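In what follows, a single structure is set out as structure tokens and then discussed.
Read-outs throughout are calculated quantities, based only on the coordinates presented, and are distinct from any laboratory measurement. This structure is a prediction, so every number in the text was calculated from the model and none was measured. When we count neighbours, we look across all protein chains shown, and the Cβ atoms used for this are built from the backbone with ideal geometry, even at glycine.
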Amino acid sequence: MTSSLLSIASSGAQAAEIALDITGQNIANASTDGYVRRSANMDEVASSNSWSTANDVSLSGVVVSGIVRNADSFLQSEARRTGSDTAQATSTVSGLTDVETAVEDSGVFTAIGTFTNSLKSLAENPADGSLRASVIQGGSTMASAFQIAAQSLSATQTGLQGEVSDGVAQVNTLTTQLSTINTQLSATAGATGAADSVVTTSDRASLMDQRDSLLDQISQYADIATTVQPDGVVNVNIGGVSGPPLVSGSTTNTLSTTTRTDGTQALAVGNAAVTLGGGSIAGNQTALTKLTQISTNLDRLAGSIAQAVNANQANGADLTGATGTALFSGTTAATLAMTTSSGSAIATAAAGSAADSTDPTNLSALSAALATLDPSTTMNTILTDISGSVQSATTTQATLQTLSSAASSSLASQAGVDLNTEAINLVKFQQAFQASSKVMQTASTIFTSILNLTA
Amino acid sequence: MTITTSTSTSSFYATAAGQLSSLQAQVNAVDNSISSGSQYATASANPEAAAQMRMLQLQDATATVDTATADRATANLQLADSAMSQMVNDINQAKTLTTQAATGTLSDAQRASIGTQLSQIQSDMVSLANTKDVNGNALFGGGVSGSAYTTDSSGNAVYGGAATSQTLAIGGGQSVQTSLTGPEIFSMTDANGNSTNVMDAIGAIATALKAGGTSAQTAAQNGLTTLSNGLDAVTTAQTVIGARESWITLNTQNLTAQSTARATAESQIGGTDVSTAAIKLQQLTTALQASQSCFVRLSSLSLFNDIGN
């Protein structure tokens, strides 16, 4: 009886000590990323012996049967999903903003306006050398602006392609780590039987923290669908439930990326093409697609201006009386350049006019052709297109950010460490330990008095 | 074992950090819009407004060119106007001289002397007809380089300019001819109903007066009719020039009104409403301060401060 009391007290003291350890661990990891609050799972030990009778009192104290990892898998997957969407939106906004800056800061719009206005000024006196020089200056400024825009876009494209490649490399590294964790989870599954049940061992709890943290990290790059096996091993499909498997158990499949001819990036696992619905790589892909479109439009605009000016040049006579030659070379934004720096090359007069003619016939035709082409409005449309895309992406991002914050905040509330609760636990388990010590002391006193009795 | 729900410490700090930085970002945005004077820092903040602003600014740039062109057109028209006033004076003087020559009391020598003066007026008229425009080209020759009129061997003025005057676009889709061509000013019919021009008509009278005899007086009498026709031609042309000048003035007023309207639109679309922005700034600053002191109070609440010791 008294020895039983002593062992009950000692089991209580041990349990309280373990609970204090866990509380300490929680406090220590209060701000560790991916740490899920633990608590001790205590079970009463009251098993009767096989030879005991039905009415026997058989109390054997308490045992810590395992660690409870307070993770709600629904909240976790919700936080992961919304986080993935937010990562996509954020990288879309950042990529599109780069595209916007590249096109906007190149000053193409202003340069087009300056060029067409310099042609209008030339009409005041078509033979004037300084007015002709300002047209040439306007033309070469416009060509440089197009080139700057094309170069900035190209640099942005390279940057975005690099981000996709980096993202893919990161995903592959993370999946390799995940497969290692899977192997360990699978190996330790026997320790508790039903592995991902609430009660587990401290080692496995730590592995699961790592597993969930890796899943969170992968989902920042790409949207994934996860299936947790009973032994805690997680299988991952990339690009949603119907996407190709990325991790199954301890085997991984490598995600690869290739650059298409238009500069956008394609993703595949083996031979299976991957279409992402979330994650920063998906955002980069969206930005690349938009960049390709903007770049094509810009090329088309540059080509059309060059074509209109050059076609008109051929219909007129320049200042020397010769038939006008092409003023622009190149048909894309990157290659647009002026073929001459001489103002006299501008064919302002009607074909067949004498040298130094002040006849503005062909100049009027050029102004009319440019007015019909209306490059400023086209450029304005291009700029509005990209800034509109940035705006709508930003709005989407703000919405997704709110959803994601709400999801991660409810996950953190549920799975995170609250120092006040831990403070209470600290006091509670300290008192439990002290109480168990008191029980031991009582058992000892009783035992001593029995010894004294027999002596 | 039930899973308990509580507010986690890390989420408290994360939420507080998010809220404070969001408020700070808003304060910065308002501050930026006040100091820069433009409501939007980037085009993507409001793509429609940015597109409108770009087109308005392009129109501003175009209006500057239009105004310069209109000024140049006005300058040419004023040159034409003053040259034509001089022509009218010349023709009037020719009329006075011819009136003297038409009286019967004058001798042949006196008529010949008047004829010489008329010849000088003729050459003055030719040089006036060759007035240069602001670009240094022929004002009454459709803007060709060189002279509008040359004198042939028989002393007649021959037009060598372009068929039409230079046309300049002066904005608002309007264009104006900056002068008149020589034939538009000087073409006329003499007393006998023959087509001629003012310079040749004066020359013909001068030649007849110098020739002397009885026909000289008749020529002077007919010459008065001829010169009246010539005066009509030049003054009619001058009226056209005057009308164009006032047309440009009207158009320029229009452009100025449009430019003012654009400036108003620009400030409405893209400018910062300072009073609204200042109030918003005050509101945000108050909210930020309140949030900060809330955070300090809440974060100092910890059971660890009160337990034990």
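Quick look at the values:
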{"quantity": "Check: segment B:167-287 dipole with +1 on Lys, Arg Cβ and -1 on Asp, Glu Cβ, in debye", "calculated": "240 debye"}
{"quantity": "Lys/Arg +1, Asp/Glu -1 at C-beta; segment A:291-441 dipole; positive extreme among A:432, A:334, A:301", "calculated": "A:432"}
{"quantity": "Using alpha carbons only: equivalent-ellipsoid semi-axes of segment A:1-160, gyration tensor based, whole Å", "calculated": "85, 13, 9"}
{"quantity": "Residues residue B:42 and residue B:283, FRET efficiency given R0 of 25 Å [Cβ-Cβ distance, rounded to 0.05]", "calculated": "0.60"}
{"quantity": "Size-normalised alpha-carbon gyration radius of chain A, reference 2.2 N^0.38 Å", "calculated": "1.67"}
{"quantity": "Estimated inter-spin distance, residue A:262 and residue B:62, nm [label 7 Å along Cα→Cβ]", "calculated": "3.3 nm"}
{"quantity": "Shape of segment A:293-372, Cα gyration tensor, a/c cut at 1.5", "calculated": "prolate"}
{"quantity": "Contour minus Cα-Cα distance for residue A:46 and residue A:329 (0.36 nm per residue)", "calculated": "92.5 nm"}
{"quantity": "Electrostatic dipole magnitude of chain B [Cβ: Lys, Arg +1; Asp, Glu -1; Cα centre; debye, to 20]", "calculated": "380 debye"}
{"quantity": "Residue A:180-residue A:403 FRET efficiency (beta carbon distance; Förster radius 41 Å; 0.05 resolution)", "calculated": "0.80"}
{"quantity": "With eigenvalues of the C-alpha gyration tensor scaled by 5 and rooted, segment B:160-302, Å", "calculated": "80, 12, 9"}
{"quantity": "Evaluated at q = 0.07 Å⁻¹: base-10 log I(q)/I(0), Debye formula over Cα of the protein assembly as shown", "calculated": "-0.76"}
{"quantity": "Spin-label model distance (nm) - residue B:20 vs residue B:110, 7 Å beyond Cα toward Cβ", "calculated": "11.1 nm"}
{"quantity": "Average silhouette area of segment A:350-430, convex hull of alpha-carbon atoms, in square nanometres", "calculated": "10.8 nm²"}
{"quantity": "For B:71-79, mean number of other protein chain Cβ atoms within 10 Å", "calculated": "1"}
{"quantity": "Under the span-like rule (Cα at least 30 Å along the axis, Kyte-Doolittle mean at least -0.5), DSSP H helices of chain A", "calculated": "A:2-28, A:73-105, A:129-187, A:280-314, A:375-415, A:419-454"}
{"quantity": "Farthest toward positive dipole pole in the protein assembly as shown [+1 Lys/Arg, -1 Asp/Glu at C-beta], among A:20, A:8, A:275", "calculated": "A:8"}
{"quantity": "Segment B:37-92: radius of gyration and largest Cα-Cα distance (Dmax), Å", "calculated": "22.1, 70"}
{"quantity": "Point-charge dipole on Cβ atoms (K/R +1, D/E -1) for the protein assembly as shown, about Cα centre, debye to 20", "calculated": "300 debye"}
{"quantity": "D (Stokes-Einstein, µm²/s), Kirkwood Cα radius, segment B:18-64, 1.002 mPa s at 20 °C", "calculated": "174 µm²/s"}
{"quantity": "Amide H contacts of residue A:327 (H built 1.01 Å from N, under 5 Å, at least 5 apart or other chain)", "calculated": "A:310"}
{"quantity": "10 Å Cβ neighbours from other chains, averaged over peptide B:38-51", "calculated": "5"}
{"quantity": "Residue-span extension gain [residue A:32 to residue A:377] - 0.36 nm each, minus C-alpha spacing", "calculated": "118.8 nm"}
{"quantity": "Net charge of neighbours whose Cβ lies under 11 Å from the Cβ of residue B:165, counting Lys and Arg as +1 and Asp and Glu as -1", "calculated": "-1"}
{"quantity": "Residues whose placed amide H lies under 5 Å from that of residue A:246, excluding near-sequence neighbours", "calculated": "A:236, A:237, A:238"}
{"quantity": "Per residue convex hull volume, Cα atoms of segment B:41-193, in Å³", "calculated": "139 Å³"}
{"quantity": "Span per principal axis, largest first, for the Cα atoms of segment B:1-130 (Å)", "calculated": "142, 22, 18"}
{"quantity": "Two-decimal log10 I(q)/I(0) for segment A:297-455, as the Debye equation yields it once each C-alpha is a single scatterer, q = 0.10, 0.12, 0.20 Å⁻¹", "calculated": "-0.66, -0.76, -1.18"}
